[in-house]
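Everything on this sheet refers to the single structure shown next.
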Amino acid sequence: MIAAEDTRRLHSLAAALQVKPSGRVVSFYDQVETARLPGLLESLHNGETVLLVTDAGMPSVSDPGYRLVAACVEQDLKVTCLPGPSAVTTALAVSGLPSDRFAFDGFPPRKSGERKRWFAPLATEQRTVVFFEAPHRLADTLADAVEVLGPDRSAAVCRELTKKYEEVVRGSLAELAEWAVEGARGEITVVLGPAPAEEKPDLDTLVAEVKQRVADGERMKSAAAEVAEAAGISKKALYDAAIRSS
């Protein structure tokens, strides 16, 4: 049995590859995914093979498939994967941004206020972040990103990956936001570079701050603790350094 996100696309793909599907074809898109599960699981228990095919990406990654795989795992049914194109890793590969550590964040919220709150934790994110966006919301989303993350953060907008009109636009968030105002079409994947590493004050500077606070009447221990916490370093290390310099 073939469970296809779009049966018409499946037949177009099969025709392009000059193959003819030999199994029964059923639709398996978001709105019918849950309803289809019992029938697909029954087929698997009866010894049939169920092939899940999604349109233009990897099943389960913002595509149907997760619920079926989870149900198969729960019922001890074998699941395997024939890897196909994934916009997440494809965009990451062509973005020119660091790929040793990355996160995938799905789609941002549709409303601007919620979207800005969604971006807020990414201000200090040290991994590259990949997310999807609808083309008609791209300009607004990038404008919100500029407001929350700053204009200079490196990013790339990738559209129609692995398709005829593939395009990759790289630059700062400000440059991409300006470009997006003209309008973008197709399936959009955005790659956001990691936040610049914050430079921590050197130990001598922190010790000087502790000593100034002590001179102003604070206890050495409490002054060192507060300064260390704000700087993100060990309280004991700063206290010991302040004692040594006294």
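In the stretch 127-165, which residues are open to solvent by less than 30 Å² (accessible area, probe 1.4 Å) and in a loop (DSSP other than H, G, I, E, B)?
Passing the criteria: ALA134, GLY150, ARG153, LEU161.
Please tell me if ALA241 is assigned to a helix (DSSP H, G or I), open to solvent by less than 50 Å² (accessible area, probe 1.4 Å) and not charged (D, E, K, R).
The answer is yes for ALA241.
Across the stretch 93-140, what is the total count of residues that are more than 20 Å from ALA180 (Cβ to Cβ) and in contact with a strand residue (DSSP E or B) (Cβ under 6 Å, 6 or more places away or on another chain)?
Matching residues across the stretch 93-140 total 5.
Among (1) open to solvent by less than 20 Å² (accessible area, probe 1.4 Å); (2) under 29 Å from the mean Cα position of the chain (by Cα), where does TRP179 come up short?
(1)
Assess whether VAL169 counts as being modelled with pLDDT of 95 or more, surrounded by fewer than 17 Cβ atoms within 10 Å (Cβ to Cβ) and under 13 Å from ALA91 (Cβ atoms).
yes
Which ones in the stretch 215-238 are buried (at least 17 other Cβ atoms within 10 Å of the Cβ) and either free of Cβ contacts under 8 Å to residues at least 24 places away in the same chain or assigned to a loop (DSSP other than H, G, I, E, B) (or both)?
ALA223, ALA224, VAL227, ALA228 - these are the residues of the stretch 215-238 that are buried (at least 17 other Cβ atoms within 10 Å of the Cβ) and either free of Cβ contacts under 8 Å to residues at least 24 places away in the same chain or assigned to a loop (DSSP other than H, G, I, E, B) (or both).
Residues that are open to solvent by less than 30 Å² (accessible area, probe 1.4 Å) and in contact (Cβ under 8 Å) with a residue 12 or more places away in the chain, at least 1 per element: which strands (runs of 3 or more DSSP E) completely within the stretch 17-126 meet that?
25-27, 102-104
Would you check which residues across the stretch 177-214 are acidic (Asp, Glu), part of a helix (DSSP H, G or I) and under 30 Å from SER154 (Cα atoms) and list them?
GLU178
The values are calculated or read from the model by the stated rules, or taken from the named source; none is laboratory data. Just so we're clear, the structure is a prediction, and the values are computed from it rather than from any experiment. Every residue, glycine as well, gets a Cβ built from its backbone with ideal geometry; the counts of neighbours run over all protein chains shown. Surface accessibility is based on the protein's heavy atoms, side chains included, excluding ligands, DNA and RNA. Shrake-Rupley method; radii C 1.70, N 1.55, O 1.52, S 1.80 Å.
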